[in-house]
Structures are given as structure tokens and as C-alpha cells.
Amino acid sequence: MREAPPAFDNMKKRILSACSAIIVCTYALLALVLAGPVTPVSFALAPVAQRIEPWFSQSWQLFAPDPISEERGVLARLACGNDTTEFIDITTPGITESNSRRVFPSRESRIVSNLLVQRFLQDPISERLAEKDVDRPRALSEEARRAAQDAERILARYAAHRVNCPDGTHATAVQFRYVFHQFPGWSRRTAPDDERNTQVEESRWIELR
């Protein structure tokens, strides 16, 4: 039996090395999209990046520069014809489903949490410029406003999926009630909860398209 020539073996090694490098680079890019900050790019690539879930998903929140200091939740109500539903919690069901499966937990709770981050994200560059009495860049402000509107529209579609209209009618608009609960300091960890630590904000009605 004739052996393969050395040139053929070298070519196979090069092809395998190139394929391995492509796989590693692709995985690293998808992991960065999923674990990185919420941006328009992450939303555009999310359908592709989610292919690595749930077995190869990554989360780098352990190394976040700003520790979590508050609990965020959102309630939604729908406009169904001439009626409106009651405000219904759309945050807790995703968290409950994630906690019920420890081996391969559901990532649905990230939909609400990531969209809440994008909806209320403050641009630090614009804030620092405003503190120095410099005209706030309009481009950055407009981009942040569009990102917040996009996040709210996506959250509205998710709420319409989670909350059903009575009698099988279709929802035409969604309104949100955002709830922010500030965690007390370490020195007040055993003190009764203060209502001043909880803030509630209601959104406008968002039309479903």
C-alpha cells in the first residue's frame, strides 16, 4: 500500500489548522456578542450567536465593573380592542423557568433583563460633557434615544407573546410599568424595607406593528 506523499500530509495539516482557527474565532465572536454589552450589533447577530446556547453559552458578569445594586422588573398591560388588560408581571415567569432547570437553564429571562438595561442605559460620555458645560453631542443623544425606543418595541412584542388578550382578540398596543428596587446598604441589611427604595415609572403606549 502506497503512502501519501509528504506534500499531501502537509496540505491536510494546513486545512485542519485553518478549519480549527475558523471554528475558534467564530465561537469567540459569538460568545462576545452574547456576553458583551447590549448594542444594535448584538441584536442583529443574536439569531446567529444563540446557536451556541445552551451548551456553550458564556457569561462574564462576575467581572462586571459595576456590581448589581438594584432589582428591576417590568409589568405590562395590553390594549385589546376597546378594553385593556390588568398589569401583569412579565419578569418573574422567565426567572422561575430559569431556576427550575439547573443543568440547561432557560435563557428567556435575559430577554427582559437585557432590554431593560438598554432601555435605561445612560451614556457616560454625554454625561461627562454635560457636567463640563459643553454642548452635548446630538449624534450620541439621538443614537441612545433610538436604542431605547428599539428596546421598548422589542419588549412590547415579547409582552404580547407573554400576555394574552381575552376572547382571543389581538393586542394593538402595550404599556409598561417599570419597577426599580434599590438594594439597601450593608449597614441597613437587617432593617425593614423602605418604600423610598422603590421607584415606579410607566411608559407611553407602544403600538404593535
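The values are calculated or read from the model by the stated rules, or taken from the named source; none is laboratory data. It should be emphasised that the depicted structure is a prediction, and the values quoted were computed from it without experimental measurement. For neighbour counting, all protein chains shown are included, and Cβ atoms are generated from backbone atoms with ideal geometry for every residue, glycine included. Only protein heavy atoms, including side chains, enter the accessible area calculation; ligands, DNA and RNA are left aside. Shrake-Rupley method; radii C 1.70, N 1.55, O 1.52, S 1.80 Å.
Under 7 Å by Cβ, and 6 or more places apart or on different chains, what pairs join a residue from the stretch 187-209 that is within 13 Å of E152 (Cβ to Cβ) with one that is open to solvent by 100 Å² or more (accessible area, probe 1.4 Å)?
Correct list of pairs: L208/R157.
Mind telling me which of the residues A147, A159, A151 ends up being under 21 Å from the mean Cα position of the chain (by Cα), of a type in the set (A, V, I, L, M, F, W, C) and modelled with pLDDT of 90 or more?
Of the residues listed, the single one that is under 21 Å from the mean Cα position of the chain (by Cα), of a type in the set (A, V, I, L, M, F, W, C) and modelled with pLDDT of 90 or more is A159.
Can you tell me which residue in the stretch 169-205 is surrounded by the most Cβ atoms within 10 Å (Cβ to Cβ), limited to those that are touching a Phe, Trp or Tyr at 6+ places or on another chain (Cβ under 8 Å) and of a type in the set (A, V, I, L, M, F, W, C)?
Filtering first and then ranking leaves V174.
Quick check: anything in the stretch 112-132 under 26 Å from T26 (Cα atoms), touching a helix residue (DSSP H, G or I) at 6+ places or on another chain (Cβ under 8 Å), surrounded by 12 or more Cβ atoms within 10 Å (Cβ to Cβ) and modelled with pLDDT of 85 or more?
Yes, because at least one residue in the stretch 112-132 is under 26 Å from T26 (Cα atoms), touching a helix residue (DSSP H, G or I) at 6+ places or on another chain (Cβ under 8 Å), surrounded by 12 or more Cβ atoms within 10 Å (Cβ to Cβ) and modelled with pLDDT of 85 or more.
Would you check which residues across the stretch 93-110 are open to solvent by less than 70 Å² (accessible area, probe 1.4 Å) and either in a helix (DSSP H, G or I) or among the hydroxyl-bearing types (S, T, Y) (or both) and list them? So that I can check it myself, show each step before the final result.
Of the residues in the stretch 93-110, the ones open to solvent by less than 70 Å² (accessible area, probe 1.4 Å) are 93-94, 97-98, 105-106, 108-110.
Of everything in the stretch 93-110, those that are open to solvent by less than 70 Å² (accessible area, probe 1.4 Å) and either in a helix (DSSP H, G or I) or among the hydroxyl-bearing types (S, T, Y) (or both) turn out to be P93, G94, E97, S98, S106, S109, R110.
Restricting to the stretch 151-168, name every residue that is open to solvent by 30 Å² or more (accessible area, probe 1.4 Å) and assigned to a helix (DSSP H, G or I). So that I can check it myself, show each step before the final result.
Quick first cut of the stretch 151-168, residues open to solvent by 30 Å² or more (accessible area, probe 1.4 Å) only: 153-154, 157, 160-162, 164, 166-168.
Within the stretch 151-168, R153, I154, R157, A160, H161, R162, P166, D167, G168 qualify.
Which residue is farthest from N114 (Cα to Cα), if the candidates are limited to the stretch 169-209 and must be in a strand (DSSP E or B) and hydrophobic (A, V, I, L, M, F, W, C)?
Across the stretch 169-209, the extreme among qualifying residues is A173.
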